[in-house]
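Worksheet: one structure, shown below.
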Amino acid sequence: MGQEFVVKEGIHPKYEMVEVRCACGNTFKTRSTKSELHLEICAACHPFFTGRQKLIDTEGRVERFNKKFGVQTSEQRKTAEKAAKATKAAAVKKTTKAKTVTA
C-alpha cells in the first residue's frame, strides 16, 4: 500500500489509511475516505468465516421476539391454536346465549 494514486485535484475525497475497529475487539488497517470505521461484525467473528454460531444482538431484537412469540415447536403451536379456537368459540357461544336471554 505504499503506492500513491494520481487523481485530479479538488474533486475526490481524501483517501487515507484508517484503523477499523470491530465490536468483538478485532482491529485491522485499510484505506477509506472516512476518518474512522467501527463495525458490529467482522470476518474474525462472523459465523460464516469462523464456523461457529454466535448470536450478536445489539438491540435486543431476538429477546423481544422470543418474549412476544416464545420458542415453540410445531406441536405446541397446534395445541395453542386449538386452545385459542376453543376459547373463542366459548366466548361467541356465551355472547349469543346472553343475547337470546335478554331478547
Practice problem: Could you grab me the full set of residues in segment 8-25 that are outside any strand (DSSP E or B) and surrounded by 10 or more Cβ atoms within 10 Å (Cβ to Cβ)? | Solution: HIS12, TYR15, ALA23, CYS24
Exercise. Only residues that are assigned to a loop (DSSP other than H, G, I, E, B), at pLDDT below 85 and not acidic (Asp, Glu): list them for segment 26-56, please.
Key: ILE41, CYS42, ALA43, ALA44, CYS45, HIS46, GLY51, ARG52, GLN53, LYS54, LEU55, ILE56
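The values are calculated or read from the model by the stated rules, or taken from the named source; none is laboratory data. Bear in mind the structure is a predicted one, so any value in this text is a computation, not a measurement. No Cβ is skipped: glycine too gets one built from the backbone with ideal geometry, and neighbour counts run over all protein chains shown.
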